[in-house]
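Chemist: Have a look at this one.
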There are 2 protein chains.
Amino acid sequence: MHRIVVVGGGFAGVRTVRRLAEVPGTEITLVDRTNHFLFQPMLYQVATGVLSGGQISPALRSIFRRQRNVRVLLSEVDGFDLERRVVKAFGEHEYELPYDTLVVAAGATHSYFGRDDWAVLAPGMKTVDDAHRLRSMILGAFELAEAAETEAERQAWMTFAIVGAGPTGVELAGQVAELGQRILASEYRSVDTSQARIVLLDSNARVLKTFPERLSARAKADLEFLGIDVRLGVRAVGIDPEGLDVKIAGEPARITAKTVIWAAGVKASPLGAALGVEVDGAGRVVVEPDLTVPGHPEVFALGDMAAVPGVPGVAQGAIQGGEHVARVIAARLTGAPWPGPFRYKDKGSMATIGRRRAVVDMGRRQLTGGAAYFAWGVIHLAYLTRWEDRIEAVWRWAFTGIGGSRRERMISIVSLVPETTARSVILELRRRRAERLDQARP
Amino acid sequence: MHRIVVVGGGFAGVRTVRRLAEVPGTEITLVDRTNHFLFQPMLYQVATGVLSGGQISPALRSIFRRQRNVRVLLSEVDGFDLERRVVKAFGEHEYELPYDTLVVAAGATHSYFGRDDWAVLAPGMKTVDDAHRLRSMILGAFELAEAAETEAERQAWMTFAIVGAGPTGVELAGQVAELGQRILASEYRSVDTSQARIVLLDSNARVLKTFPERLSARAKADLEFLGIDVRLGVRAVGIDPEGLDVKIAGEPARITAKTVIWAAGVKASPLGAALGVEVDGAGRVVVEPDLTVPGHPEVFALGDMAAVPGVPGVAQGAIQGGEHVARVIAARLTGAPWPGPFRYKDKGSMATIGRRRAVVDMGRRQLTGGAAYFAWGVIHLAYLTRWEDRIEAVWRWAFTGIGGSRRERMISIVSLVPETTARSVILELRRRRAERLDQARP
């Protein structure tokens, strides 16, 4: 049996494992630190109350239920020993997973450009827990505005600053505007939520900088039509509980906002550096053209944590990377010829703005407005994993779009705990439990 | 304007406010420490992955969107000054809410019979956060069984002890059995989840002790048919991370189980005692026959936190109490005659066992098996707040019952943090943020 260990159950890892289903003689172990896949492109809808977490995060086990050559393990990977060919992981215990082929697709996390202390003040959105945290923060801010004692305080709670005008920042800004203007507008008595101020700032000169200029301009106009205050060429230099210090063309300025959301930077998972090979400035592994790690043809790195010229850090890059890696592994095991280097086919990119507008870039074709929004919906439905997810998404969208209500609006105090803190709390609890256990022994 | 403050947005508080919609000259403030109502009778389905939290917890604001005499506030109530007629609350700041009429319906919480240190080891299920915590614990236990290194450890992770065989304990036991035997059975490679052991223990001589004996016996038989190990006359005397110490007829015994769930005792919210009037052994306010507080006809206590002879601590007791309180208040304000003392109409009680069986007690009529399960479904659908909740519940039940899958299976590390700890973490974060703010000032 050829032992394949896949680290990471995102788009890249799941596609790799799926495509290896037909390859005989393989024994695949998929390791992830969560128990679920996550359809990240719709995560902003969890953060703003449209969908539940479960609707876009099917359990990895249930995805591979019928693929009998796959074993799924919930564990945190600590590192690798490429010489001994083992993955070092931690579930309930520390353990080692031996492999013949290793596929590392651990994705990316937020980058605060060296200011990790900002993480608590301006959380980002990469995981379902993150999305629930943002939901509690956003809905909680409207609640605290309603209860505020002074007009200044009310204004500060009613101001939302989003740092970073890429797709995530643009989509969150549009949805927060929708929340204030439509969904919540009739529910408050002391505040007019339609007056909520959303500031979307970016150090670049345009929004959606990876899109064609025409679409960036259209997206900016659409955002401004929704009343969003788009500030370009603005760099955050300080974040505190009351707002941001920024620099506009070198000049310091201040944005007062009790809620700050981070959508600015990503860096690769630290597991890239843990491979002990060359990484780029964003921590991504510099891979060979066939996505293998230099000097280790039995090790692949792909998705958001691999640096491949011309491949953007989007779902398509990960999906196509996974297909390529599975092809290379299958060719080796079946003795077929080398499938050649990874060739990325750009299928375009898109972002929604509020509930009726989007921009879609498909290379030659570009869509904007309602047509783009419709295309966004159709394409994202197609990429959802299960047909029941599609039905539930359409149903929930109908509620939001036509009914003007959102189904998932729970504010959870527990969700507000930063994940790092939660982890340390759990480790502390585990230690205390172990101690109590020790004391209980004679 | 007559100022009415309602503390608590559960069945009792929501029904009171709803019934006061038509009473002119009233200004109602509904205070709750969460932003949502919670349909508690279906909470076990959130804890076991059938429903999402949002599907049974509509935002209080959205419920009262169109009732213009109602203001909803997200705040923690700290206490009362019945002489000055103010409620002391804490949102972003401490503040006071003056009232002419006060309605206190803050519900109940877990009682560990003086062993509050058990709360971390054996969490209960009262809030949506609790249900998410149990979901992460239950699904996480199967994950750790799959990764276990020894057979003994695997067995310990595959054993679930539920303390308390009332409706909550019975329903959770049935659903965990379903999970292991049907939903998860084909998904694991190292463990056979259908061999999961579920121990349901109670110090009483029968399960569902508030039900007629015949139904208790039938429920026990149904539980045992599902393979659940029902242990009656068994009292927990110690809980640790590896299991429980119990006493059976005075003899000590041991149950090894890595997962222990508490469904044994409830006590009234501490806000009952905070009223400064007489409370019973469970902390419930001893009220007058019309649900007013002795010596304070302008103050009402009802629902799970009021002791009324003959009224059980179930949703119907709270709903009917709310209707009565609204009638008394309306009569006073409109000059109508006193509606008389609160008369509880017993509409029966019910509990489900697994996915096809239930017991229903409607006084003269009793149902068991599939008919009871069907009745349970119809009645619970009828009591859901929104029609869209009904459609989504039926849809999800079809998945679980026919499709054998569950839609909400996310394990969240953050959810595992005990709420008390989460609160203290948040207070600590707030303190640190305030400090940093102080330092930033010149």
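Chemist: Could you pull the copy-to-copy label distances for residue B:249, with points set 7 Å along Cα to Cβ, in nm to one decimal and sorted shortest first?
Modeler: Output for residue B:249: 9.0 nm, nearest copy listed first.
Chemist: Lys/Arg Cβ at +1, Asp/Glu Cβ at -1, dipole of the range B:118-263 taken about the Cα centre: which of B:150, B:165, B:181 is farthest positive-ward?
Modeler: Farthest towards the positive pole: B:165.
Chemist: Given the C-alpha centroids of the range A:249-264 and the range B:68-143, what is the distance between them in whole angstrom?
Modeler: Distance between centres, Cα-based: 35 Å.
Chemist: Residue B:197's amide H: which non-local residues (gap 5+, or another chain) put their own amide H closer than 5 Å, with H modeled 1.01 Å from N in plane and none for Pro or chain starts?
Modeler: Those lying under 5 Å, H to H, from residue B:197 are B:159, B:160.
Chemist: A further question follows. List the distances, in nm and shortest first, from the label point of residue B:68 to the matching label points in every other copy, placing each point 7 Å from Cα along the Cα-to-Cβ direction.
Modeler: So the label point of residue B:68 gives 6.8 nm to the other copies.
Chemist: When the dipole is taken about the Cα centre of the range A:207-328, and only Lys, Arg (+1) and Asp, Glu (-1) are charged at their Cβ, what size is it in debye, to the nearest 20?
Modeler: Computed about the Cα centre, the dipole is about 380 debye.
Chemist: Farthest toward the dipole's positive end in the protein assembly as shown, which of A:287, B:21, B:193, given Cβ charges of +1 (Lys, Arg) and -1 (Asp, Glu) about the Cα centre?
Modeler: Going by the Cα projections, it comes out as B:21.
Chemist: By Cβ position, which chain A residue lies least far from the axis that rotates chain A onto chain B, and what is the distance to the nearest whole angstrom?
Modeler: Nearest-to-axis residue on chain A, with distance in whole Å, is A:52, 2.
Chemist: Quick one: what are the phi-derived ³J(HN,Hα) couplings along the range A:22-34, Karplus 6.51/-1.76/1.60 with θ = phi - 60°, whole Hz, x for glycine and proline?
Modeler: Couplings: 8, 8, x, x, 10, 10, 9, 10, 9, 10, 9, 8, 10 Hz.
Chemist: With a/c under 1.5 counting as rounded, go ahead and sort chain B into rounded, prolate or oblate using the C-alpha gyration tensor (a ≥ b ≥ c being the square roots of the eigenvalues; past the cut-off, prolate if a/b is larger than b/c, else oblate).
Modeler: Prolate.
Chemist: Counting only DSSP beta bridges with both residues in the protein assembly as shown, what percent are antiparallel, rounded to the nearest 5?
Modeler: 55
Chemist: State the Cα centre-to-centre distance between the range A:301-346 and the range B:199-220 in whole Å.
Modeler: 59
Chemist: Let me have the relative contact order for the range B:158-290, percent, based on Cα pairs under 8 Å that are six or more residues apart.
Modeler: So the answer I get is 26 percent.
Chemist: Could you pull out the chymotrypsin sites (Phe, Trp or Tyr not before Pro) across the range A:1-102 that fall in loop regions by DSSP (anything but H, G, I, E, B) with no more than 15 other Cβ atoms inside 10 Å?
Modeler: Here no loop site has a sparse enough neighbourhood.
Chemist: How far, in nm to one decimal, is residue B:114 from itself in the other copies if the label point is set 7 angstrom along Cα toward Cβ? Shortest first, please.
Modeler: Inter-copy label distances (nm, one decimal, shortest first): 6.0.
Chemist: Only Lys, Arg, Asp and Glu count, each charged at its Cβ (+1, +1, -1, -1), so figure out the dipole size of the range B:118-263 about its Cα centre, rounded to 20 debye.
Modeler: 540
Chemist: Per-residue HN-Hα couplings for the range A:49-57, Karplus 6.51 cos²θ - 1.76 cosθ + 1.60 at θ = phi - 60°, whole Hz, x for Gly and Pro?
Modeler: Taking θ as phi minus 60°, the curve returns x, 6, 10, 8, x, x, 5, 10, 9 Hz for the range A:49-57.
Chemist: May I pose another question? Give me, ordered by chain and number, the residues 5 or more places off residue A:124 or on other chains with an amide H under 5 Å from its own placed amide H.
Modeler: For residue A:124, whose amide H was placed from the backbone, the distant partners under 5 Å are A:262.
Chemist: Rounding to the nearest 20 debye, state how big the charge dipole of the protein assembly as shown is about its Cα centre with +1 on each Lys and Arg Cβ and -1 on each Asp and Glu Cβ.
Modeler: It comes to approximately 2360 debye.
Chemist: Projected onto the charge dipole of the range B:62-119 (+1 at Lys/Arg Cβ, -1 at Asp/Glu Cβ, origin at the Cα centre), which of B:79, B:107, B:118 gives the Cα projection farthest towards the positive end?
Modeler: Projecting each Cα onto the dipole axis, the largest value belongs to B:107.
Chemist: Using a 10 Å cut-off on Cβ to Cβ distances, tally the other chain neighbours for every residue of B:398-410 and report the average as a whole number.
Modeler: Rounded to a whole number, the mean comes out at 4.
Chemist: Just to check I understand the Karplus step: with θ = phi - 60° and J = 6.51 cos²θ - 1.76 cosθ + 1.60, what whole-Hz values come out for the range B:96-107, glycine and proline as x?
Modeler: Per residue, the Karplus-derived 3J(HN,Hα) values read 10, 10, x, 9, 9, 10, 10, 10, 10, 9, 8, x Hz.
Chemist: Specify the inter-centroid distance of the range A:1-62 and the range B:400-417, based on alpha-carbon positions, in whole Å.
Modeler: 15
Chemist: Same structure again: Just to be sure I follow the definition: excluding the sites themselves, where is the longest run in chain A that has none of the GluC sites (Glu not before Pro) in a DSSP loop with at most 12 other Cβ atoms within 10 Å?
Modeler: Longest run free of exposed loop sites: A:150-442.
Chemist: Between B:404, B:313, B:283, find the one with the highest GNM mean-square fluctuation for chain B; connect C-alpha pairs within less than 10 Å.
Modeler: Per the Cα network of chain B with a 10 Å cutoff, B:404 tops the list.
Chemist: Just list whichever of A:267/B:126; A:258/B:267; A:126/A:220; B:220/B:347; B:88/B:209; B:220/B:247 have alpha carbons separated by over 28 Å in the model shown.
Modeler: Flagged as over cut-off: A:267/B:126; A:258/B:267; B:88/B:209.
Chemist: Per residue of A:417-426, what is the mean number of Cβ atoms on other protein chains within 10 angstrom of that residue's Cβ?
Modeler: For peptide A:417-426, the averaged partner shielding equals 6.
Chemist: Most fluctuating residue of A:198, A:353, A:379 in a GNM of chain A with Cα springs under 10 Å: which is it?
Modeler: Highest fluctuation of the listed residues: A:379.
Chemist: Separate question: Given the options A:174, A:124, A:401, which has the most mean-square fluctuation in a GNM of chain A, springs set between C-alpha atoms less than 10 angstrom apart?
Modeler: Looking only at A:174, A:124, A:401, the biggest GNM fluctuation is shown by A:401.
Chemist: Further, regarding this structure: So which trypsin sites (Lys or Arg not before Pro) in the range B:1-107 pass both tests, a DSSP loop state and at most 15 other Cβ atoms within 10 Å of the Cβ?
Modeler: B:66, B:68, B:84
Chemist: What would the Debye equation give as log₁₀ I(q)/I(0) for the range B:161-209 at q = 0.30 Å⁻¹, counting only Cα atoms as equal point scatterers?
Modeler: Log-scaled intensity ratios, in q order: -1.03.
Chemist: Per residue of B:125-134, what is the mean number of Cβ atoms on other protein chains within 10 angstrom of that residue's Cβ?
Modeler: 2
No lab work stands behind these numbers, since they all come straight from the coordinates. What you see is a predicted model; the values in this text were computed from it and never measured. Ideal geometry is used to build each Cβ from the backbone, glycine not excepted, and the neighbour counts take in all protein chains shown.
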